[in-house]
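Here is the structure we will look at, set down as structure tokens.
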Amino acid sequence: MEPGITEKCDAGEAFVSAYPDSSAAKAFEEIVKKCEAFVRTRSDELDKVTEYREVPFLGKVPVDPNFVEKNPVS
């Protein structure tokens, strides 16, 4: 992992903003694009979500309280 990621996070700063041309920032941007595409295709399901959590740099985001139980990580 790139050391600057943890340094910026520890300082409360966005790594992607500080190092926009780094390979790690580009990887994060790809992840964001995939998440945005996923959310667009599932917006009807997300409209049913009633629980929200604060996420650093993102603010208040919808959370499906049953997601972990339905999709266990192995």
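Taken over region 5-25, the criterion of being surrounded by 13 or more Cβ atoms within 10 Å (Cβ to Cβ) and either of a type in the set (Lys, Arg) or outside any loop (DSSP other than H, G, I, E, B) (or both) is satisfied by Ile5, Lys8, Cys9, Phe15, Val16, Ala18, Ala24, Ala25. Of the residues that sit in region 33-67 and are of a type in the set (Phe, Trp, Tyr) and either at positive phi or assigned to a strand (DSSP E or B) (or both), which one is modelled with the lowest pLDDT? Step by step, filter region 33-67, then rank; the result is Phe57. Contact map, region 2-21: residues that are within 21 Å of Gly59 (Cβ to Cβ) paired with residues that are outside any helix (DSSP H, G or I), Cβ distance under 6 Å, separation 6+ or inter-chain. Pairs shown: Ala14/Phe57.
The values are calculated or read from the model by the stated rules, or taken from the named source; none is laboratory data. Bear in mind that the values here come from a model prediction, so they are computed numbers and not experimental data. So basically every Cβ, Gly included, is an ideal-geometry build from the backbone, and we count neighbours across all protein chains shown.
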